[in-house]
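Working notes, structure below.
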Amino acid sequence: MYISLFDMFKVGIGPSSSHTVGPMRAARRFLLEMPLADFKRIAKLTVTLFGSLAHTGRGHGTDTAMLLGLCGELPDEVDTTGIAAKVAAITQAKKLKLLSRLEIDFDPATDLIFDYKNLLPIHSNGMLFCANDADGNLVAEREMYSIGGGFVVDADEHFVGSARGAEVVVPYPFVTMQELLDICAANKLPMSEVLLANEAALHGEAATHRFVALVARTMHGCIDKGLNTGGILPGGLNVKRRASGIAQQLRLGDRHSSEGAMNWVSAFAIAVNEENAAGNRVVTAPTNGAAGVVPAVLRYFVDFRANSTHNYATNNTSRMPILGRLQPPFPEPAEELSEQEKIYIGTLRFLLVAAAIGALCKRNASISGAEVGCQGEVGSAAAMAAGGLAAALGASAAQIENAAEIALEHHLGMTCDPIGGLVQVPCIERNAMGAVKAINACSLAMLGDGTHLVSLDQVIETMRRTGADMQSKYKETALGGLAITVALSVRQVEC
């Protein structure tokens, strides 16, 4: 299956792509794909969550996501301001309206089951949906899996490797970075042009441009909102939002210094992940837990490397141009192009290449913290951002590959150990560190000619093997690492 730009970047809500976005989509899909006659017979419904979904589901908002999905909500469309009230109404009334059409008795305390002991066979993030009629007869039953990044499959789709059941056709198919590099060399095309041709074949050029603009606007808007929002994050850890305070301090300093630029990058990443932790609108890139890395580095390109004069003292959202006269092949950003045109060309190249790198990580290893640890989330995001930035800055295909390889290599072995099962500590700061690493990786790669010893494909395979060797307690279960160390320290202080 060709994994598209449209697949890798999903507009949704926090705090987790695998534990919030995926389960919401799965619940809705279970009901939508049921024959209408069977749907009308439903009188009783239970959902059982297994593995990582059980262990950290409440902290990740899986219970809330499940209720919303059963009501027919979608992550990219749900009104985030009304979620709490909707969940409270369901919990109090113990009734739920399936797909907003069929009301049934549903008590989240008993009908939404967290199974901490058992696992479904395919993936740690397993869900079992069971629907019965008024007489207790089984109407429908289905296992589904949230496999990271908001992707959802059932058992059959997992084994055929595609939720659509058929291979899509693109002009330049590839399953490894080396194949993509060979395509670029054989056709004498920049990597972004190869990827744009594939997206245009799948979705059309106009739709691709609209989607790129949507993703970029959402990313920038999320940063701006996070930079201007204070308070305490929900969940019980009493984590204070820091992005707005950091931004206030930086606005008083020299934003043109190299240290200032990196401080802003950290603030951008933290802003996004604080919005994610609050359950607000973010872009999965490639996951929600790692959603701050790509936007932070993209914003670095826009505000520090694309001749932008963005004023940090204002609260205005970064500008994305109205799509106009530019058509591929795109020229190098030259003086005759407007600032907005330069920004858009760079943004397009950035997101096309970032998505392709994320797709390679997903296809050949994993982007799921429950499967390979945080190396698959923040590590993949850093590789995406490094390669994307290199593309936006006009790097060669070899330099792009090298940038992504450096970034991912230096996240290998990172565990996923969220304290309290919340996407807050250490997740928020990890995004800031990943973003800075991505920029450094890009700089190192562009100081060379692309020649290096270890390939991105080899590092992705190493990530897969490392994830397979990693104990489950370090893979988004909150049973090891910082999650248990901090919990034990808290208990000792309380005693």
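The values are calculated or read from the model by the stated rules, or taken from the named source; none is laboratory data. Bear in mind the structure is a predicted one, so any value in this text is a computation, not a measurement. Glycine also receives a Cβ, built like all others from the backbone with ideal geometry; neighbour counts cover every protein chain displayed. These accessible areas exclude ligands, DNA and RNA; they are computed on the full protein's heavy atoms, side chains included. Shrake-Rupley method; radii C 1.70, N 1.55, O 1.52, S 1.80 Å.
Working note: Karplus 6.51/-1.76/1.60 with θ = phi - 60° gives segment 289-300 the couplings x, 10, 6, x, 5, 4, x, 5, 6, 4, 5, 4 Hz, where Gly and Pro are set to x. Taking the longest Cα principal axis of the chain as reference, the axis of helix 177-187 is set at about 40 degrees.
Taking every protein chain into account, the accessible area of segment 351-484 amounts to 31 square angstrom per residue (probe 1.4 Å). Once both labels are positioned 7 Å from their Cα atoms along Cα-to-Cβ, the gap between L36 and L482 label points is 5.1 nm.
Set the Förster radius R0 to 25 Å, insert the Cβ-Cβ distance between Q340 and A201 as r into 1/(1 + (r/R0)^6), and round the FRET efficiency to 0.05. Show your work: numbers first, answer last.
Working: r = 27 Å, r/R0 = 1.09.
Efficiency at R0 = 25 Å is approximately 0.40.
In units of the compact-protein estimate 2.2 N^0.38 Å, segment 1-159 shows a Cα radius of gyration of 0.98.
Using DSSP to call loops (not H, G, I, E or B), can you name the GluC sites (Glu not before Pro) in segment 57-118 whose Cβ has at most 15 other Cβ atoms within 10 angstrom? Counting only loop positions with at most 15 other Cβ atoms within 10 Å, the GluC sites (Glu not before Pro) in segment 57-118 are E77. Between A88 and T451, the FRET efficiency from the beta-carbon distance, with R0 = 45 Å, is close to 0.15. Each other residue within a Cβ distance under 10 Å of V21 adds +1 if Lys or Arg and -1 if Asp or Glu, for a net charge of +1. Computed on the Cα atoms alone, the convex hull of the chain gives a volume of 153 cubic angstrom per residue.
Taken as Cα centroids, segment 105-121 and segment 366-389 sit 29 Å apart, rounded to the nearest whole angstrom.
For the chain, give the percent of accessible area contributed by carbon and sulfur heavy atoms, probe 1.4 Å, rounded to a whole number. List each step's numbers first, then the result.
Numbers: 10450 of 19780 Å².
Taking all protein chains in place, the chain shows 53 percent carbon and sulfur surface.
For segment 41-117, trypsin sites (Lys or Arg not before Pro) are listed when DSSP marks them as loop and at most 11 other Cβ atoms sit within 10 Å of their Cβ; the list is R101, K117.
Say the cut-off is 31 Å between C-alpha atoms; which of K437/K475; K117/K362; K10/K86; K44/K475 go over it?
Details: K437/K475 22 Å; K117/K362 27 Å; K10/K86 23 Å; K44/K475 33 Å.
Over 31 Å Cα-Cα: K44/K475.
Taking all protein chains as they are arranged and a probe of 1.4 Å, the heavy atoms of Y474 leave approximately 70 Å² accessible to solvent. Relative to the longest principal axis of the Cα atoms of the chain, helix 456-469 runs at roughly 30 degrees. You can think of it this way: the chain between S472 and Q248 has 76.6 nm of extra reach, that is 0.36 nm per residue less the Cα-Cα gap.
Which whole-number percentage describes the relative contact order of the chain, with Cα contacts under 8 Å and a sequence gap of 6 or more? Answer for the chain is 18 percent. The separation of segment 415-462 from segment 1-65, counted between C-alpha centres, amounts to 28 Å. Rounded to the nearest 10 degrees, the inclination of helix 378-392 to the longest alpha-carbon principal axis of the chain is 30 degrees.
Here is the tail figure for segment 175-242: Cα pairs spaced more than 21 Å apart come to 55 percent of all pairs. Straight-line cross-link partners of K342 among the aspartates and glutamates, defined as a Cα under 13 Å from its Cα and at least 8 positions apart when in the same chain: D303, E332.
Can you tell me what percent of all Cα-Cα pairs in segment 14-83 are more than 16 Å apart? In whole percent, the long-distance tail amounts to 46.
In the chain, the DSSP-assigned H stretches of four residues or longer account for a calculated mean residue ellipticity at 222 nm of -15500 deg cm²/dmol, using -39500 (n - 2.57) per stretch and the full residue count as denominator.
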